[in-house]
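Asks: This is the structure I want to talk about, given as structure tokens.
Any read-out appearing in this document is the output of simple, stated calculations on the displayed coordinates, not a laboratory observation. These figures come from a predicted structure and were not determined experimentally. Neighbour counts are summed over all protein chains in view; Cβ atoms, including those assigned to glycine, are modelled from backbone coordinates with ideal geometry.
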Amino acid sequence: MEDLRAMEESLNGTIDPACLQEPPLAMDMIKQLDVFGVCLYAMLTSMSCLTLLLYLEQCWFVYKKMPYPKKSTIIWISGAAPAISTMACFGMWIPRAVMITDMASNCYFAVVVYKVLVLLIEELGGSSAFLHRFSGKPFRINTGPCCCCCPCLPHVPMSRWMLFLLKLGALQYAILKTALSVLAVVLWTNGNFDLSDLEITGAAIWLNPFIGVLTIISLWPVAIVFMNTNRFLRSLSIVPKYAMYQLILVLSQLQTSIINILALDGTIACAPPLSSQARASMLSQQMMIMEMFIIGLVTRFLYHRTYDALPSEEQDSKQNNTAALVEHDV
């Protein structure tokens with residue numbers, strides 16, 4: 001027993017004290033930067049600022065060229081990349097603020113999930129036109145992320161009540177995610193919320209899985225509407241727009257979670273003055289800035305344009321019948 005205790009003490013003695021401390025203050029972090037670090041910080045900050053400037057220019061274009069309420073929805077959705085990039089830049093410069101910057105990014109994206117559903121409906125003319133076009137028609141519900149492996153599920157006819165449930169399923173995430181994020185920050189300031197605390201009595205072990213369930217529930221209605229209507233919206237580049245939304249989801253949620261797990265597992269080593277978890281957060285913020293810069297450029301290309309009105313349901317039917325006759329003649 002004494003030998004084991006001596007071994008533990010010797011092992012603890014080899015750990016740098018900085019690896020067990022809180023993330024450094026912003027000024028302390030700046031003083032530790034070498035030439036490469038200064039260049040990296042300058043480049044990432046410039047990328048974040050450029051992403052934000054391009055978004056502001058796009059907002060001006062959308063505000064002038066798009067009708068209401070579509071323009072407000074597009075401004076919300078296209079703002080996901082610059083919002084996340086800006087918060088990641090703040091988190092990179094101020095390591096102790098990562099909890100708050102992540103909360104702001106996640107809350108903004110929770111609203112974007114609902115806005116994507118609203119955009120799909122607005123592109124089809126709004127709720128009234130959507131119901132007039134699809135009321136009574138069967139909708140597939142065996143889509144991801146909930147029921148993609150359940151092909152036996154019956155098709156559900158679209159109705160006003162069905163549309164209300166779809167909107168509610170996406171809206172609940174925007175509301176509850178924001179409320180739970182504020183609660184997590186409040187508990188964090190009091191020392192009760194710690195991502196590295198995996199004890200059953202810890203707040204993180206209860207809040208994070210519950211937020212994950214809310215995320216899955218909110219993504220399902222958006223996927224249902226997209227899978228059943230995307231063939232009518234291909235002229236509006238709805239597929240790449242939806243792909244960008246999915247990519248932001250994966251990068252901002254799944255990638256960050258994987259990096260945090262690697263830090264808890266010890267795969268990401270401590271690098272004074274950053275602890276293992278603080279270094280993982282720093283790497284996540286830096287990667288996010290570069291990724292959101294690229295996504296911001298693609299998003300600007302997709303939304304910085306005007307489109308002709310969608311053809312009516314009768315015109316769609318005529319085009320489909322004409323295409324069927326041509327294929328039959330061939």
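Asks: Under 25 Å Cα to Cα from LYS167, which lysines show up? Leave out anything in the same chain fewer than 8 places away.
Replies: LYS70, LYS71, LYS115, LYS137, LYS177, LYS241
Asks: To the nearest 20 debye, what charge dipole does region 154-267 have about its Cα centre, counting +1 at the Cβ of each Lys and Arg and -1 at the Cβ of each Asp and Glu?
Replies: Charge dipole of region 154-267: 880 debye, to the nearest 20.
Asks: Apply the Karplus parameterisation 6.51 cos²θ - 1.76 cosθ + 1.60, with θ equal to phi minus 60°, to every residue of region 69-78 and state each ³J(HN,Hα) to the nearest whole Hz, in sequence, with x for glycine and proline.
Replies: Per residue, the Karplus-derived 3J(HN,Hα) values read x, 4, 5, 5, 5, 5, 4, 5, 5, 5 Hz.
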